[in-house]
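Have a look at the structure below, then the notes.
The values are calculated or read from the model by the stated rules, or taken from the named source; none is laboratory data. Computed from a predicted structure; not experimentally measured. In this analysis, Cβ positions are derived from the backbone assuming ideal geometry, glycine residues included, and neighbour counts consider all displayed protein chains.
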Amino acid sequence: MPRSEYFWNDLRIFAQQHNQFGLLLIIALIIAASLWRWRPQDRKTIAATLLFFMISLCGLMLSGVLAALEIKSFARGLLKVSVFAGGMAAIRLSGLFLFRLILPLCRISLVRILEDLAELAGYCAWLMIHLHAAGLDLSGIVTTSAVMTAVLAFSMQDTLGNILGGLALQLDNSIKVNDWIKVDDVTGRVADIRWRYTAIETRNWETIIIPNSLLMKGKFSVIGRRSGKPLQCRRWVYFDVGYEHFAGKVIDIAKNAIRNGHIPNVADSPAANCLLMDFSPSSSRYALRYWLSDIEADDATDSQVRNRIYAALQRAGISLPYPQYHIHMTNKDDKHEQNKQERRVKERMDALQQVELFNTLHDDELAEIAEQLVYTPFAQGDIILRQGTIAHWLYIIISGTADVFLELPDGGRRRIDTIHGGCFLGEMGLMTGDPRSATVIAQSEVLAYRLDKNSFQKVLDKRPELAVEISKLLASRRFNIDNVQQQLDSESIAQLMAQQQNTFLEQIRGFFGLGNPT
């Protein structure tokens with residue numbers, strides 16, 4: 001058979017088998033138009049596929065022109081190539097239409113890699129059809145498929161590992177598109193998961209391509225994901241403050257600066273908190289922890305949080321320390337030490353004068369006691385006094401708030417009072433040696449001075465009559481506690497108070513060895 005007849009025979013067979021090729025062309029154009037309208041994010045892919053399809057059609061028409069010009073062999077080859085290319089483009093358009101338009105409209109969500117594998121299977125099937133049409137015996141390929149599979153598996157083990165890795169990552173929901181992940185030193189949002197790689201877009205507008213097999217073999221973090229919780233992650237903002245500022249005050253200032261003012265991308269729940277993290281040679285290190293609701297805005301939100309903390313500290317008169325070394329050079333002569341001691345005594349005398357227990361003391365007596373006071377701070381939650389323990393000292397509260405509790409027989413506690421700066425605690429242990437009658441817990445940071453028995457002994461030895469005034473005050477305070485604990489009524493209150501005072505007076509004299517007055 002002449003070569004020209006071969007060409008016309010192929011063209012006639014193609015026309016018979018594809019007598020509805022015009023209809024297929026119309027369908028392809030409708031699919032492309034639908035995708036162009038409803039999938040604007042895929043227009044670049046659609047345009048490239050449609051261009052490839054049009055080129056294949058041009059190839060078909062050119063093959064007819066070449067046949068008319070008696071260029072039979074080239075026309076015949078161009079025809080087969082154009083038909084094969086057109087089928088490839090049609091498979092691509094069909095895959096886009098099914099997986100990206102029809103299935104999402106039916107609310108069927110499939111992993112992206114299944115689209116790639118389905119299209120690959122279509123390409124392979126289309127290739128096998130053309131090989132069979134070309135006269136290739138496929139039975140030989142089938143009989144040798146085991147050998148070919150082994151050769152392909154060995155030569156394409158990395159590619160197969162990436163394909164299987166991509167399937168496993170998506171099917172077991174390890175990562176999803178739009179998840180934020182961290183792989184080694186790369187942090188970004190998962191933009192796409194394909195059959196070979198996972199694309200990660202970073203905050204620096206970079207796209208990092210990571211083979212799926214590496215994600216399967218290595219460890220990665222999914223940022224912000226927690227079962228049943230909104231998408232947010234915890235951030236840490238560190239800052240330093242000098243030791244001259246009390247830690248509790250700094251923590252409250254930083255915490256309230258973030259909680260009380262709305263900051264974009266800072267979640268309200270869980271609430272921000274502040275911690276004392278470490279001690280450096282010249283300052284204390286704090287960490288403000290907050291929850292970021294927009295993971296992409298991490299640095300910008302950190303900057304706003306630092307700005308709020310800095311402004312709040314400035315308003316409170318707290319400056320952030322510079323990295324420096326302090327060299328103190330003082331002339332420690334007798335006058336310097338005397339002035340220093342006088343300032344310290346005056347501060348403590350001012351605290352003593354606010355305490356009702358010492359109202360009857362003279363200035364020289366207050367100064368004598370002030371020299372013996374020991375500075376004693378308490379953090380929030382510290383137990384200042386514990387009911388039932390024995391300790392021969394009292395605390396003078398300078399500032400802060402503390403709650404007074406009664407320990408109940410059933411193991412519970414009943415709050416009976418809340419005390420503030422200017423009060424004193426533990427007077428029974430100091431004056432009579434009795435066990436603590438209540439438990440006192442710091443509600444906030446509490447600054448206090450401690451006065452022990454030996455320091456107060458000298459004042460009572462000089463003025464034993466102070467014991468009478470002190471016993472009256474102790475009787476009043478104890479009567480209030482007993483009334484709460486035993487639910488006493490108001491009958492004979494004056495008589496009970498007098499009995500209580502006499503009891504305390506005898507206890508004070510006995511405890512300090514004062515003896516009865518003549």
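Tabulated results
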item: Any pair with Cβ under 7 angstrom, 6 or more apart, that starts in segment 374-403 at a residue that is touching a residue at least 24 places away in the same chain (Cβ under 8 Å) and ends at one that is part of a strand (DSSP E or B) and of a type in the set (D, E, K, R); result: Val374/Arg450; Thr376/Arg450; Gln387/Glu407; His392/Asp452; Trp393/Arg450; Trp393/Asp452; Tyr395/Arg450; Asp403/Arg415
item: Selection within segment 238-258 - among the small types (Gly, Ala, Ser) and over 12 Å from Leu275 (Cα atoms); result: Gly242, Ala257
item: Answer from Glu244, Glu201 - the residue that is at pLDDT 85 or above and over 25 Å from the mean Cα position of the chain (by Cα); result: Glu244
item: Which listed residue is surrounded by fewer than 18 Cβ atoms within 10 Å (Cβ to Cβ), closer than 21 Å to Gln353 by Cβ, touching a strand residue (DSSP E or B) at 6+ places or on another chain (Cβ under 7 Å) and acidic (Asp, Glu), from Asp452, Asp403, Asp417; result: Asp452
item: Where Tyr197 falls short, out of the listed (1) within 30 Å of Arg285 (Cβ to Cβ); (2) not assigned by TED's automatic domain parsing to the domain that holds Leu288; result: (1)
item: Residues of segment 276-298 satisfying the condition of being modelled with pLDDT of 90 or more and surrounded by fewer than 15 Cβ atoms within 10 Å (Cβ to Cβ); result: Met277, Asp278, Phe279, Arg285
item: Cβ pairs under 6 Å, 6+ apart, first in segment 457-472 and in the same structural domain as Glu365 (by TED's automatic domain parsing), second of a type in the set (S, T, N, Q); result: Glu469/Thr360; Ser471/Gln501; Lys472/Gln501
item: Only one of Ala75, Ala48 that is among the aliphatic types (A, V, I, L, M), modelled with pLDDT under 75 and either assigned to a helix (DSSP H, G or I) or not assigned by TED's automatic domain parsing to the domain that holds Ile102 (or both); result: Ala75
item: Residue check, Ile369 surrounded by fewer than 21 Cβ atoms within 10 Å (Cβ to Cβ), under 30 Å from Asp461 (Cα atoms), modelled with pLDDT under 85 and not polar (S, T, N, Q); result: no
item: Filter pass, Gln485 being within 25 Å of Ile416 (Cβ to Cβ) and either at pLDDT below 65 or not assigned by TED's automatic domain parsing to the domain that holds Thr432 (or both); result: yes
item: Count - residues of segment 249-268 that are outside any helix (DSSP H, G or I) and among the hydrophobic types (A, V, I, L, M, F, W, C); result: 3
item: Conditions (1) modelled with pLDDT of 90 or more; (2) among the polar types (S, T, N, Q); (3) within 26 Å of Ala442 (Cβ to Cβ); number of the one not met by Asn260; result: (1)
item: Output for segment 253-273, where each listed residue is in contact (Cβ under 8 Å) with a residue 40 or more places away in the chain, surrounded by 16 or more Cβ atoms within 10 Å (Cβ to Cβ) and farther than 30 Å from Asp179 by Cβ; result: Ile253, Ala254, Ala257
item: Filter pass, Ser399 being within 30 Å of His245 (Cβ to Cβ) and either in the same structural domain as His245 (by TED's automatic domain parsing) or touching a Leu at 6+ places or on another chain (Cβ under 7 Å) (or both); result: yes
item: Residue pairs meeting the criteria (Cβ under 6 Å; at least 6 apart or on separate chains; first modelled with pLDDT of 85 or more, in segment 167-188; second part of a loop (DSSP other than H, G, I, E, B) and aromatic (Phe, Trp, Tyr)); result: Ile181/Phe220; Val183/Phe220
item: Residues located in segment 376-429, provided they are under 36 Å from the mean Cα position of the chain (by Cα) and either in a loop (DSSP other than H, G, I, E, B) or among the polar types (S, T, N, Q) (or both); result: Thr376, Ala379, Gln380, Gly381, Asp382, Ser399, Gly400, Thr401, Gly412, Thr418
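Rundown of residues vs (1) out of contact with any Pro (no Cβ under 8 Å at 6 or more places or on another chain); (2) among the β-branched types (Val, Ile, Thr), yes/no style:
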| position | (1), (2) |
| --- | --- |
| Ile209 | yes, yes |
| Phe239 | yes, no |
| Val266 | yes, yes |
| Ser282 | no, no |
| Tyr290 | yes, no |
